[in-house]
Every structure is written in C-alpha cells, then in structure tokens.
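A short worksheet on the structure shown next.
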Ligand code: ADP
C-alpha cells in the first residue's frame, strides 16, 4: 500500500515536537498580549508557564483550545496548523486537547457520570457502555467513585475540580491544559487536587501545559518552566535552574514577590 501524504498522521512518538508557537502575536485592541512568541513543547513533557498576571499565559492555553485566534504567526499541534483551520480540522484538534479551568465549568444539570460520558459519546462516538466504563475507572482514580449519580453542585470545590480533571481525561487527550486549577479552591482543598495532578503527571505520558502560582507543585511536576513577561518567554529551563538560580532579574523579582 502506498502512503498518502494527506492522511492523518499517527500521534507522534514520545519526545517529538507536539506543540509549536512561531512568531505568534495576539492583540486585544491596543494591548499586545503576545508579542512574536516562539516556543515548542515535546510530546510527553510537563511544562509550566509562570509570570506576572496579565503576561499572556491564559491566552496561550485559549489559543491552543481554539477559543481565540492569533493575529499573526503560526500555532501547530501534532503537525497540524490551528489557524486557519476548517470546522472538521478544528474538531479533530480539539479532540487532542483537554482543558481544566479555574472555575471547573462542569455541566450543572447533569450527573457527575454524565459529565464524563457526554463528550466521549457525542464527540468520539463511544457506546454509552464503553463511555460509562471509562468514566467509572476515572472517577475511581480521582477518588469519587461513590459520587457518580450526584449533581456537581452538591460537591465541594475540590471534588468538582477532580470531576473536571476526570472529564478532561475521559477524552484521552494527548495534551492536558491546566489553567490555575486550584485558585478558586478553599486553601484546605488545594493540596488534594495538586496531589492528584502529581499522580497523573507521574503515571501517564500525557503532555501537560500548566499555568499556576503554586511553585512547589510546578517544581515537582515540570520538566520545563517558561517564565513570561510582556508577551514573551524571557527565560526557560528545568525547574531546578529556573527556581534555584534564575538568570533573569525579572524572574528573580517575580519569584521573590511570591515568597
Ligand atoms: P495571564 O494568564 O498571564 O494573567 P491573560 O492571558 O489572562 O494573562 O491576559 C493577558 C492580557 O490580555 C491581560 O491584559 C488581559 O486583560 C487581556 N485579555 C485577555 N482576554 C481578553 C479579552 N477577551 N478581551 C480583552 N482583553 C483580554
């Protein structure tokens, strides 16, 4: 059989480049939020984005989810350009990427189980039985096997965020985007959610992009930390280097202010 260069390629093997931003500029009115941004993430890596509020970190995750578009530049995921992309291609890209938001964004009128089965059935075409089996496994993983039939609003914030993490994983994405996932939680609920994410980072080969102010967590899970300021990466490196001996005065100042 001859190979078809236009056919969808297989997911890249570990270590190959999965995400690339090339000269990406994003403006909101006069506000240039990302300024000719370049960076790439290899498959299976866990990358944390840090930097002051307003430096464009959330915008990067939203661009990857195709929730917003760049003004200039190119973003590719698994070799496919995100913009411009047709409806079908956008759907395919979204299947590769799961996102967990600060505010959980669960479907309030569905049971916990249904929150996890809805997209696998409607988007991936799984049978309801397959989707439920996968959902129950994931709820077990996040310690909520006994909450299947409850509405999410009856759960604590920490439990809701665990459901949101399980819901994202139910789509078996190649990439998991985590946007300040503990910042809406009461302090006593933060550690449990971070421990869960540490377990996921350790036990799966999912690529993770994580925006967080939890520097201990970032240090534990990251292979690489990117420090943003004014819409650019000003410094990047392994967590030991970036947290232990940063090169850039702005990084030192930012980390110092968090202590
Ligand atoms: P960070 O996650 O680093 O705090 P964001 O990506 O959320 O930064 O925001 C970067 C800048 O873009 C901020 O100045 C913010 O006000 C602005 N911004 C983000 N989204 C919008 C939007 N939809 N409309 C206008 N401005 C926006």
Open item on the list: Every residue in segment 19-62 that is more than 12 Å from the ligand (Cβ to nearest atom) and either more than 18 Å from the chain's Cα centre (by Cα) or surrounded by fewer than 16 Cβ atoms within 10 Å (Cβ to Cβ) (or both), please.
Closed with: 22, 23, 24, 25, 36, 38, 40
- [ ] Of the conditions (1) at pLDDT 95 or above; (2) loosely packed, with under 15 Cβ neighbours inside 10 Å; (3) within 16 Å of the ligand (Cβ to nearest atom), residue 69 clears all except one; give me its number.
- [x] (1)
Open item on the list: Just checking: which of the strands (runs of 3 or more DSSP E) contained wholly in segment 19-130 hold 1 or more residues that are more than 29 Å from residue 159 (Cα to Cα) and in contact with a strand residue (DSSP E or B) (Cβ under 7 Å, 6 or more places away or on another chain)?
Closed with: 31-42, 72-77
Task: Test for residue 109: is it modelled with pLDDT of 95 or more and closer than 25 Å to residue 201 by Cβ - done: no
Open item on the list: Pairs please, first residue from segment 179-193 and under 18 Å from residue 47 (Cα atoms), second anywhere and in a helix (DSSP H, G or I) and within 16 Å of the ligand (Cβ to nearest atom), Cβ atoms under 7 Å, 6+ apart in sequence or on different chains.
Closed with: 179/58; 179/61
- [ ] Determine whether residue 193 is within 26 Å of residue 141 (Cα to Cα) and at pLDDT 95 or above.
- [x] no
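The values are calculated or read from the model by the stated rules, or taken from the named source; none is laboratory data. Bear in mind the structure is a predicted one, so any value in this text is a computation, not a measurement. Counting neighbours? That spans all protein chains shown, and the Cβs are built from the backbone with ideal geometry, glycine included.
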